[in-house]
Amino acid sequence: MVAEAGTGREALDIARREICDVLLLDIAMPDQSGIDTLRTIRQGQPDLPVLILSGYPAQQYALNLFKMGANGYLNKECEADELITAVRTVFQGRRYVSSTVGELLAQSFDRDPNTALHTELSDREFQVFLRLARGATVSDIGVALSLSIKTVSTYRTRIMEKMGMQSNSDLTYYAMKNNLLD
């Protein structure tokens with residue numbers, strides 16, 4: 001069966017109603033992001049193979065999406081042969097790791113375990129991190145830092161990936177533990 005969805009919610013409906021062999025998700029979808037869609041799918045269908053096909057660079061999202069349960073990550077600029085290989089790989093129950101994602105994984109092993117996670121953040125990411133840790137909403141942060149909500153959300157995703165966190169409460173706990181909050 002082949003089906004197409006224009007939004008995250010439509011993708012969820014199809015995954016719940018139909019028997020899917022592989023679900024291809026984009027990160028940027030109307031009404032519900034691919035990240036939220038993946039999280040919801042993993043709660044109800046943990047064995048459904050999910051391949052992320054996105055226009056965003058792997059550095060921004062790939063590792064975090066693998067931690068959330070994605071079976072593969074490809075950039076939309078990949079060759080058709082690579083997409084076919086990735087679909088077949090995740091269909092077989094394995095993970096598809098492109099050469100770009102493989103390099104990111106290898107680099108993650110090089111990080112000094114004694115380095116504080118927040119030191120890996122850029123200045124702007126650190127500003128957003130502290131505000132999130134204090135409980136500010138994405139829209140509040142956008143107003144305070146003169147950024148769009150989408151930009152703040154992108155910073156939040158990068159922060160979560162760089163720090164290996166899953167939620168704002170993880171950020172708050174980390175900030176408190178490391179005496180970063182007033």
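Could you list all residues from region 133-151 that are among the hydrophobic types (A, V, I, L, M, F, W, C), closer than 23 Å to Asn178 by Cα and without any contact (Cβ under 8 Å) to a residue 40 or more places away in the chain?
The answer is Ala136, Val138, Ile141.
Being assigned to a helix (DSSP H, G or I), within 29 Å of Gln45 (Cα to Cα) and of a type in the set (Gly, Ala, Ser), is that true of even one residue in region 129-141?
no
Which residue, of Phe109, Phe126, is open to solvent by 80 Å² or more (accessible area, probe 1.4 Å) and without any contact (Cβ under 8 Å) to a residue 40 or more places away in the chain?
None of the other options fit; the residue is Phe109.
I'd like the residue in region 54-82 that is under 17 Å from Leu12 (Cβ atoms) and surrounded by fewer than 20 Cβ atoms within 10 Å (Cβ to Cβ) and, out of all such residues, is farthest from the chain's Cα centre (by Cα).
Looking at residues that are under 17 Å from Leu12 (Cβ atoms) and surrounded by fewer than 20 Cβ atoms within 10 Å (Cβ to Cβ), I get Gly69.
Considering only residues of region 13-41 that are of a type in the set (D, E, K, R) and more than 14 Å from the chain's Cα centre (by Cα), which is nearest to Tyr61 (Cα to Cα)?
Asp31
Mind listing whichever residues of region 142-173 are within 20 Å of Ser33 (Cα to Cα) and of a type in the set (A, V, I, L, M, F, W, C)?
Listed by number, the residues that qualify are Leu147, Ile149, Val152, Ile159, Met160, Met165.
Kindly establish whether Pro30 is touching a residue at least 40 places away in the same chain (Cβ under 8 Å), closer than 20 Å to Ala5 by Cβ and not charged (D, E, K, R).
No; evaluated as a whole, the condition is false for this residue.
Kindly indicate which of Asp36, Asp21, Asp47, Asp26 is charged (D, E, K, R), modelled with pLDDT of 85 or more and either closer than 20 Å to Gln166 by Cβ or surrounded by 13 or more Cβ atoms within 10 Å (Cβ to Cβ) (or both).
Asp26
Considering only residues that are in a helix (DSSP H, G or I) and within 19 Å of the chain's Cα centre (by Cα), look in region 110-123 and name the one that is farthest from Met176 (Cα to Cα).
Glu120
If Leu147 satisfies every condition in (1) within 17 Å of the chain's Cα centre (by Cα); (2) within 20 Å of Ile27 (Cβ to Cβ) but one, which is the exception?
(1)
Out of region 83-98, which residues are of a type outside the set (Lys, Arg) and either part of a helix (DSSP H, G or I) or open to solvent by 50 Å² or more (accessible area, probe 1.4 Å) (or both)?
Scanning region 83-98 gives Leu83, Ile84, Thr85, Ala86, Val87, Thr89, Val90, Phe91, Gln92, Gly93, Val97.
Inside region 56-73, can you point out the residues that are part of a helix (DSSP H, G or I) and either touching a Ser or Thr at 6+ places or on another chain (Cβ under 9 Å) or more than 15 Å from Thr37 (Cβ to Cβ) (or both)?
Ala58, Gln59, Gln60, Tyr61, Ala62, Leu63, Asn64, Leu65, Phe66, Lys67
So in region 162-177, with the set limited to residues that are open to solvent by less than 60 Å² (accessible area, probe 1.4 Å) and in contact (Cβ under 8 Å) with a residue 12 or more places away in the chain, which one is nearest to Met68 (Cα to Cα)?
Gly164
Looking at region 1-17, which of the residues that are surrounded by fewer than 12 Cβ atoms within 10 Å (Cβ to Cβ) and in a loop (DSSP other than H, G, I, E, B) is modelled with the highest pLDDT?
Gly6
The values are calculated or read from the model by the stated rules, or taken from the named source; none is laboratory data. Note that the structure is a prediction, hence the values are computed from the model and not measured. Positions of Cβ are backbone-derived with ideal geometry, glycine not excepted, and every protein chain shown enters the neighbour counts. Side chains are part of the model used for accessible areas, which takes the heavy atoms of the whole protein and leaves out ligands, DNA and RNA. Shrake-Rupley method; radii C 1.70, N 1.55, O 1.52, S 1.80 Å.
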